[in-house]
Amino acid sequence: MLKRMVFAIIAVIFISSLPQWAYGREQPKISPDDRKALYLKTAAVTDVPWYLLAAVDQYERSVRNIRRDLPDAEGIIGLYFEPQQWTGPLNLNKKDKNILDITLFDGLGKDGNGDGLADINNPEDVLYAMAEKLSEHGPGINNIKLALWDYYQRGKTVEMILQLSKLYHHFNRVDLDGHAFPIPLRMNYDYNSTWGARRGWGGLRIHEGTDIFADYGTPVKATSYGVIEMIGWNKFGGWRLGIRDPQNIYHYYGHLRGYGKHIKKGALVKPGQIIGYVGSSGYGPKGTQGKFPPHLHYGMYRDNGSTEFSFDPYPYLRAWERQERN
Ligand SMILES: [Zn+2]
């Protein structure tokens, strides 16, 4: 009896200590080295650099894990082909693995591991098929961009994939998962859960973020790895900037007093890097400030492959704060 109780207590402690802040649904544990090895292997036999394969793969993984109509990415590869896309639109055999049939029916399926079959469930075949698709117009980044356009038919998606590829290229690894709290913990700051509250200025809007109140000039840090996607003045956000992270999440920092060193569009950042300073800019024409107390407006947005939507950053902020404190 005592033994069982002790076991139950240990089990509860174990379960409650699991990280609950992981994005979306829980990802299976796959070694980043294995993943990168697969990208390198495929890159070696195609015209597509490994970091572009990594970017397309990660983009699709992020979309799959938030869209309910697609199966979650559970294996080493996040890429997803519809069975009919793989075997060919007019192919009646939706499970076809025969390369000749698939080619005849204009399917995208390919044999990447040399076993003579184009298997939609084999990661090497799937990655190789994507690399072939991306080489359709020939080698070089401009041709690959064209192929990405053809395939996704969405400028935003192409932009996100190219940004992601820059991150992988620069850091030369695929595990870019670290996070930081946006305000140094030793500074004075205060925040509450305010996402979804109503806002009056400039028409009725919903508050898409968390306000972290702090003194003028308090450093603001990047909360993740990422690429600066947007920077400059906006009548609502004042001096603001947006960072796209490797999970394809967009982090918005508003009402800044100014920006950090080397912070410009396209720059790559690391968690904890200073990107700006707390201010009260916004709610008017360029340069307006002081219409409200100084604070950092912090927003998070996900992209589902066709549109972007806001979600509540508060639980993530709390988790990053806790993590840094320990
Ligand atoms: Zn705000």
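With the structure loaded, tell me whether Thr218 is within 16 Å of the ligand (Cβ to nearest atom), modelled with pLDDT under 95 and touching a strand residue (DSSP E or B) at 6+ places or on another chain (Cβ under 6 Å) or whether it fails that test. No; evaluated as a whole, the condition is false for this residue. Screening the stretch 233-278 for strands (runs of 3 or more DSSP E) wholly inside it with 3 or more residues that are closer than 17 Å to Leu162 by Cα returns the ranges 238-244.
Of all the residues in the stretch 110-153, those that are under 16 Å from Glu60 (Cβ atoms), in contact with a helix residue (DSSP H, G or I) (Cβ under 6 Å, 6 or more places away or on another chain) and polar (S, T, N, Q) number 0.
When the residues of the stretch 295-314 are filtered to those that are polar (S, T, N, Q) and over 16 Å from Ala197 (Cα atoms), the one that is farthest from the ligand (Cβ to nearest atom) is Ser306.
Exactly one residue out of Gly75, Gly107 is modelled with pLDDT of 95 or more and touching a helix residue (DSSP H, G or I) at 6+ places or on another chain (Cβ under 8 Å): that is Gly107. The single condition among (1) aliphatic (A, V, I, L, M); (2) within 20 Å of Arg240 (Cα to Cα); (3) outside the structural domain of Phe292 (by TED's automatic domain parsing) that Leu167 does not satisfy is (2). The residues in the stretch 42-67 that are within 21 Å of Asn121 (Cβ to Cβ) and surrounded by fewer than 17 Cβ atoms within 10 Å (Cβ to Cβ) can be counted, and the count is 2.
The values are calculated or read from the model by the stated rules, or taken from the named source; none is laboratory data. No experiment lies behind these values; they were computed from the predicted model shown. Note: ideal-geometry Cβ built from the backbone for every residue, glycine included; neighbour counts use all protein chains shown.
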